[in-house]
Amino acid sequence: MRKRLAAFIRTEPEGGPSSAGTSVFWILASSASGLLIIGWLLPWFVGPYDAGVGYSAQDALVSSPTGIGTILIYILAVAMVILFVSPFAEAFMRFRGRTFGPRADRIRLYLGIAGVVLTGVVWLLYRVLGEEPLFGSLQPGEISDSAIWLTMYGFALAALVYGARPWVIGRQTLAFGTAVLPFGIFLPLMFHQAPDFLLWAAGSLAIYMLLALGLNVVVGFAGLLDLGYAAFFAIGAYACASFASPIHNIHWPLWILIFLGAAIASLFGAILGAPTLRLRGDYLAIVTLGFGEIVPDLATNNVFNLTGGPNGISGIDQPHWGFMDFSESPRWYYWSLLLVSIAVIVLLYNIERSRVGRAWVALREDEVAAAATGINTTTTKLLAFAIGASVSGLAGAFYGSLVTVVTPDDFSFSVSIAVLSIVVLGGIGNIAGVILGAVILTFVIFWALPNMDAWSTTLSSTVHIPALANINFSSYTYIIYGLALILMMLLRPGGLLPSRARRIELESAGESESLAAVQGIA
Amino acid sequence: MALLELDSVTKRFGGLLAVSNVSFSLDRGEILSMIGPNGAGKTTAFNCVTGLFPITSGQIRLDGVSISGLPPHRITKLGIARTFQNIRLFAFMTAVDNVMVGAHWWMKERVWDGAFQTKRARSEERSVQQRALSLLDQLGLSRYAGSYAREMPYGLQRKLEIARALATQPRLLLLDEPAAGLNSHEKVELMQLIARLRDEGLTILLIEHDMRLVMEVSHRIVVLDHGEKIAEGSPAEVRTNPRVIEAYLGTGASEATRSA
Ligand SMILES: Nc1ncnc2c1ncn2[C@@H]1O[C@H](COP(=O)(O)OP(=O)(O)O)[C@@H](O)[C@H]1O
Ligand SMILES: [Mg+2]
């Protein structure tokens with residue numbers, strides 16, 4: 001039983017050094033399932049039973065249409081149900097040690113395509129044509145576009161996942177990008193009726209993702225444990241705040257500041273990295289932990305009258321370029337962050353596969369051999385620190401502008417830990433894994449944990465268990481968070497999407513010694 | 001002038017004299033073997049030459065210029081490459097990537113070239129990869145080009161280490177017990193490889209326990225015992241040197257051989 005469970009959770013194919021894996025398949029399949037159910041239920045959430053608020057395939061179904069519409073709607077419903085349960089069915093089959101054949105995949109591909117088309121037809125009929133010739137008695141009001149969009153996306157995703165299963169499994173990264181990118185770009189449109197809250201959340205997700213991507217360079221690629229990474233985030237944010245706020249009466253535009261933030265942070269990355277060069281593992285962790293504590297403390301103490309003390313710097317400028325008024329809607333931040341994130345991801349991905357990326361991995365694998373093979377361990381490590389810090393500084397610049405106020409508390413140890421958790425949980429050393437980790441952990445940290453109280457209250461009144469409402473979940477958030485991390489690491493020690501190296505490495509443990517230790521100077 | 005000179009090199013670990021006042025030199029195109037019982041200080045001597053250990057006293061010169069005190073990567077750039085007795089490959093890098101790391105120091109690609117995948121980066125990356133693949137091919141490793149180093153059979157890992165060392169374009173190659181753990185077939189291949197490298201003009205400093213291999217390929221042999229050089233000479237000279245026999249077989253052994 002345990003073995004079966006383990007085999008089930010470990011979604012990688014057994015054995016073989018191939019980089020192919022089914023993780024992305026599972027993620028996309030369950031996302032499709034999730035989107036379908038969200039699209040189905042969204043009208044109820046957005047405005048339960050209010051006339052004229054919601055519309056979805058579900059509305060169409062429950063209002064018992066007649067005529068040809070019936071057939072279409074039922075096809076839609078069947079497609080939805082089948083694609084919704086598909087991942088569960090697959091998981092169950094896997095658990096039993098069997099799989100679906102290619103025919104099942106083909107059927108689901110057709111269902112997915114049919115779903116996209118039919119949902120589109122429904123949308124056209126009601127939204128564009130403004131009539132319902134096919135649907136008999138249905139009396140829809142305003143259509144909830146979000147529901148339509150999400151449903152269509154769910155169907156399209158399902159069609160992709162089941163229709164191109166070998167491709168999704170063989171070219172994980174590409175498939176993941178292809179599936180997720182349009183969603184990211186159209187997010188503000190899909191949720192145009194939803195409150196700006198979602199875009200704020202997406203913005204903070206992007207910032208945390210950038211932080212994690214930067215930390216991944218240091219921890220994942222170069223293998224240097226950094227527990228004070230928030231320091232560079234702070235440096236970037238304060239740099240941005242100083243040059244775009246009333247505090248020193250300088251008002252530079254954001255697009256300059258993101259480069260400035262990145263440059264200053266990378267400089268500090270190199271400076272702070274220098275004394276740690278001979279250290280490794282635990283020692284390095286302690287020293288970087290110190291940096292992480294010092295920087296916010298300096299900010300609190302208003303060093304050189306630059307940082308505004310414990311209250312930080314407020315009134316940070318928000319850009320206004322033509323019709324793009326950043327203060328008016330977070331969607332501009334969202335899109336800029338998306339653009340910057342994509343750029344960072346592409347650049348880091350390129351660096352990983354280039355000369356320097358190889359040197360980092362070599363350093364991580366065996367510092368002594370790397371040095372004896374001609375790698376300058378000093379500059380290579382400093383470069384990792386600098387590049388990692390620059391991404392963090394860039395994120396900091398955005399953060400300052402987004403929230404308009406930075407205080408020392410924003411860069412506490414818990415930020416470093418959260419970012420490190422994202423990297424480790426997502427899959428250390430694997431960019432795709434880190435992105436996924438950022439999505440999941442920011443969701444948990446910023447949404448699930450803070451909302452636990454509200455949910456339990458709602459649940460208690462629904463199921464009539466008053467005790468549930470009395471549990472003060474907010475005081476247990478860290479316990480829940482910690483337990484989730486422990487559980488995760490026990491079940492999937494390589495992270496959600498482990499890098500190929502990590503996956504094999506887990507079979508054997510052991511850290512290589514440092515060059516300095518071998519040379520007898522540390 | 002000799003390519004490499006060790007001039008009364010001493011390396012002390014606390015109270016232990018691992019290498020004691022050792023001098024010898026190595027001419028271009030020569031294969032010099034360093035032999036001696038375990039713990040004699042051979043590997044330590046290698047580590048001193050490659051800059052992994054700072055030496056306690058003495059001097060190491062390459063082309064007449066002192067290299068003592070230089071960091072390991074600088075010494076690699078000057079043309080000294082090595083393998084390790086206990087294989088030190090980059091376990092979780094593919095064989096090609098392991099070899100490509102050897103090309104690291106002479107590649108011109110900068111960080112931004114890599115980040116933006118400039119033409120320079122792409123063309124250099126391609127040509128270096130090509131070279132790495134052909135190097136793997138020459139050593140009979142092409143089948144494993146895409147596997148992680150640690151997934152390769154032991155004997156091939158030793159070869160891969162040599163390939164990585166060769167990728168640094170060395171003038172002097174230091175091999176630390178390259179035949180250890182190889183089967184007899186692999187040993188023959190290794191011997192051929194060493195002969196070929198010598199023919200291509202590479203100078204080789206070899207630590208090896210397999211006497212047949214040592215006697216066959218070496219021009220000269222240096223014998224260490226307890227950190228000291230106890231003999232130096234041609235294979236024939238060393239073979240019959242009583243001090244060497246003594247060091248290897250214990251006191252009294254030389255008399256025994258003489259009387260036998
Ligand atoms: N890093 C080190 N620290 C302390 N002692 C060492 C170190 N490296 C080697 N030694 C000691 O130096 C002596 C020579 O070792 P070594 O050079 O490895 O011998 P070998 O000739 O077998 O290669 C041994 O006694 C060994 O214990
Ligand atoms: Mg040795």
Inset, instruction - Could you state how much accessible area A:Val81 has, in square angstrom rounded to the nearest 10, with a 1.4 Å probe and all protein chains kept in place? - result: 80 Å²
Legend entry - Most mobile of B:Thr240, B:Thr76, B:Thr94 in a GNM of chain B (Cα contacts under 10 Å): B:Thr240
Inset, instruction - Please compute how much accessible surface disappears when B pairs with A, both sides summed, using a 1.4 Å probe, and round it to the nearest 100 Å². - result: 3300 Å²
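Once you have a ≥ b ≥ c as the square roots of the Cα gyration tensor eigenvalues for region B:36-102, tell me rounded if a/c is under 1.5, and otherwise prolate or oblate according to whether a/b is larger than b/c. Let's see the in-between values first.
Working: a/c = 2.72, a/b = 1.38, b/c = 1.97.
The shape class here is oblate.
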Inset, instruction - Ignore the peptide's own chain and count Cβ atoms of other chains within 10 Å of each Cβ in B:47-54; give me the average, rounded. - result: 3
Inset, instruction - Would you mind giving the mean number of other chain beta-carbons within 10 Å of the Cβ of each residue in A:346-353, as a whole number? - result: 4
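Per residue, what accessible area does chain B have, given a 1.4 Å probe and all protein chains present, in Å²? Show your work: numbers first, answer last.
Values: 11010 Å² over 260 residues.
That works out to 42 Å² per residue.
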Inset, instruction - Work out from phi, with θ = phi - 60° and the Karplus expression 6.51 cos²θ - 1.76 cosθ + 1.60, the ³J(HN,Hα) of each residue of region B:146-153, listed in order in whole Hz, and give x for Gly and Pro. - result: x, 8, 5, 3, 6, 8, 8, x
Legend entry - Highest-MSF residue in chain B out of B:Asp137, B:Asp113, B:Asp63 [GNM, Cα springs under 10 Å]: B:Asp113
Legend entry - Sequence of B:Arg196, B:Arg82, A:Arg106 from largest to smallest accessible area, 1.4 Å probe: A:Arg106, B:Arg196, B:Arg82
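Beta carbons within 10 angstrom, averaged per residue: use that to sort the peptides A:157-164, B:232-239, A:426-433, highest first. Before the final figure, lay out each step's value.
Details: A:157-164: 23.5, B:232-239: 15.1, A:426-433: 25.8.
Going by the mean number of other Cβ atoms within 10 Å, highest first, we get A:426-433, A:157-164, B:232-239.
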Inset, instruction - Just list whichever of A:Lys381/B:Lys77; B:Lys42/B:Lys77; B:Lys119/B:Lys159; B:Lys77/B:Lys119; A:Lys381/B:Lys42; B:Lys42/B:Lys187 have alpha carbons separated by over 28 Å in the model shown. - result: B:Lys119/B:Lys159; A:Lys381/B:Lys42
Legend entry - Fraction of accessible area attributable to carbon and sulfur, region A:199-519 (%, probe 1.4 Å): 69 percent
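What does the charge count around B:Val19 come to, taking other residues whose C-beta lies under 12 Å from its C-beta (Lys +1, Arg +1, Asp -1, Glu -1)?
Details: positive: B:Lys11, B:Arg12, B:Lys42, B:Lys229; negative: B:Asp225, B:Glu228.
Once all neighbours under 12 Å are counted, the net charge is +2.
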Inset, instruction - Take every residue in peptide B:95-101, count the Cβ atoms of other chains within 10 Å of its Cβ, and give the average of those counts. - result: 4
Inset, instruction - Sort B:4-12, A:446-454 for me by packing, meaning the mean count of neighbouring Cβ atoms within 10 Å per residue, highest on top. - result: B:4-12, A:446-454
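Using the heavy atoms of the protein chains alone and a 1.4 angstrom probe, what is the accessible area of region A:199-519 per residue in square angstrom? All intermediate terms of the calculation are to be shown ahead of the outcome.
Working: 12840 Å² over 321 residues.
Using a 1.4 Å probe on heavy atoms only, each residue of region A:199-519 averages 40 Å².
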Legend entry - Accessible area of chain B belonging to carbon and sulfur atoms, whole % at 1.4 Å probe: 51 percent
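The values are calculated or read from the model by the stated rules, or taken from the named source; none is laboratory data. All figures in this text were calculated on a predicted structure; none of them were measured in a lab. Every residue, glycine as well, gets a Cβ built from its backbone with ideal geometry; the counts of neighbours run over all protein chains shown. Only protein heavy atoms, including side chains, enter the accessible area calculation; ligands, DNA and RNA are left aside. Shrake-Rupley method; radii C 1.70, N 1.55, O 1.52, S 1.80 Å.
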